[in-house]
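Derivation of every value follows stated rules applied to the coordinates shown; laboratory data play no part. As the structure is a computational prediction, the values presented were derived from the model and not from experiment. Cβ placement follows ideal geometry from the backbone for every residue including glycine, while neighbour counts extend to all protein chains displayed.
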Amino acid sequence: MRIAQFRCRNFRNYSDCRVDLDDGINVFLGQNAQGKTNLLEGLFFLSTTRSHRIHEDALMIKEDEAFSNLECLVRDGSDLKISAVIHEKGKTLMINRSACKKSSEFVGLLNVILFSPTDLNLFDESPRSRRKCMDIEIGKVSKIYTRYLSDAMHLLKERNSALKRPNLDEAFLDVLDMQLIEQEVEIIRLRKEFIDLLNEHLSDYFMQLSSDVKPISIRYVPLVEIDEHDKMVASLKEKMLKNRQRDQILQMTSIGVHRDDFCFMMGDHPVSSIASQGQRRMILLAMKLSLIEYVVNKTGKLPVLLLDDVLSELDSEKRINLFRCLPKSCQTIITTTDLDDCKDLDRKVTVYYVENGTVRKKGD
């Protein structure tokens, strides 16, 4: 998978910008607050239909403009043009200029793996943030997962509404519970598969990046043990019934996949309790490289890797280690304020100068 061209209009600090990208390593060079991260945000939005920085899409529209437009030409066997218009009523997604009826049709057509400095918060943020991260990455490669998750959230909302009613309809709740459980069994399976595939590579990448032999893993503890379908259904049903009275008092569903979490471990200890800031950065980079392996495993295609302001926080040895770990044929986009940070790259680099919402290719 390759990004051949990216264009943004009225997006953040860009009025109209078009960038033709090289298949290899592309470096966006510029001082802080010039728009480098905005370009990566636009690409992430075209991959996931959301920003990695804010919740309200309208905030990405350039000041005093009515809409923002993002377009990308993706080369993946054949040319595919995807675009998004962000406006006051929401967003309109298009594939080859035809509007999408559902965002699930759009998500993952461009698959990017993004490392952002804000990712370092993942260790200490709420379980909701970690679930969101997991759901985004699985959803980019599995439309059926997106469907299970969407159906489960709809049923969960309906169940919570039923719990708020003065006279609880036990029979109706029984039906809702069984429908919800069927979705949750599949969600748990796919989340467990996701974590297991990441764990196959996580420690190896961490060791290559940091020369640290401490074992790194991600621990996912699902609501029930992974087993035969009927046993998982029976176990979930038992837990739901056991918590029903409590749920009625709280007027909300207290257990389920909407409460799932995972934890990064260094040996037998949570990373959040023992790892230094530098170790955390290496663990996250190892996770992003493991995500590339996950995408290849599930789709047979390499995603595009986006590295936002990662090099300035690494010493020369760790930068070299990172460059060695980058898959040779993976298109990579790096933002930096200092081109010397890229001097140890052993591959051709295409440089773009970013200044005050404009992008100019070196040599143009």
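What to note about this one:
- The slack between Ile320 and Asp20, meaning 0.36 nm per residue of separation minus the straight C-alpha distance, is 105.3 nm.
- Taking 24 Å as the straight-line reach from the Cα of Lys101, the lysines in range (excluding those fewer than 8 positions away in the same chain) are Lys81, Lys89, Lys91, Lys132, Lys140, Lys143, Lys157.
- Full extension of the chain segment joining Ser150 with Arg50 gains 34.4 nm, where the gain is 0.36 nm per residue of separation less the Cα-Cα distance.
- Förster-model FRET efficiency, 35 Å R0, Lys157 and Ser272, C-beta, rounded to 0.05: 0.65
- Sparsely packed loop sites in the range 183-292 (the GluC sites (Glu not before Pro) outside DSSP H, G, I, E and B with at most 16 other Cβ atoms within 10 Å) comprise Glu225, Glu228.
- Listed by chain and number, the lysines whose alpha-carbon sits under 25 Å from that of Lys164, ignoring those within fewer than 8 places in the same chain, are Lys237, Lys239, Lys242.
- Loop-located trypsin sites (Lys or Arg not before Pro) across the range 320-364 with a Cβ neighbour count of 12 or fewer within 10 Å are Lys328, Lys343, Arg347, Lys348, Lys362, with loop assigned by DSSP.
- Partners for Lys102 among aspartates and glutamates (Cα-Cα distance below 20 Å; same-chain residues under 8 apart left out): Glu56, Asp57, Glu71, Glu88, Asp135, Glu137, Asp151
- Leu59/Arg259 FRET efficiency (R0 51 Å; Cβ-Cβ; nearest 0.05): 0.95
- Dipole of the range 184-244, positive direction: furthest Cα of Leu209, Leu198, Met240, with charges on the beta-carbon: Met240
- Anisotropy class assigned to the range 298-364 is oblate, per the alpha carbon gyration tensor with a/c at or over the 1.5 cut-off and a/b no larger than b/c.
- For the range 144-241, a/c is not less than 1.5, where a ≥ b ≥ c are the root eigenvalues of the C-alpha gyration tensor, and a/b tops b/c. That puts it in the prolate class.
- Cα shape, the range 123-300, gyration tensor, a/c 1.5 rule: prolate
- Nitroxide proxy distance, nm - points 7 Å out along Cα→Cβ at Asp212 and Thr350: 3.5 nm
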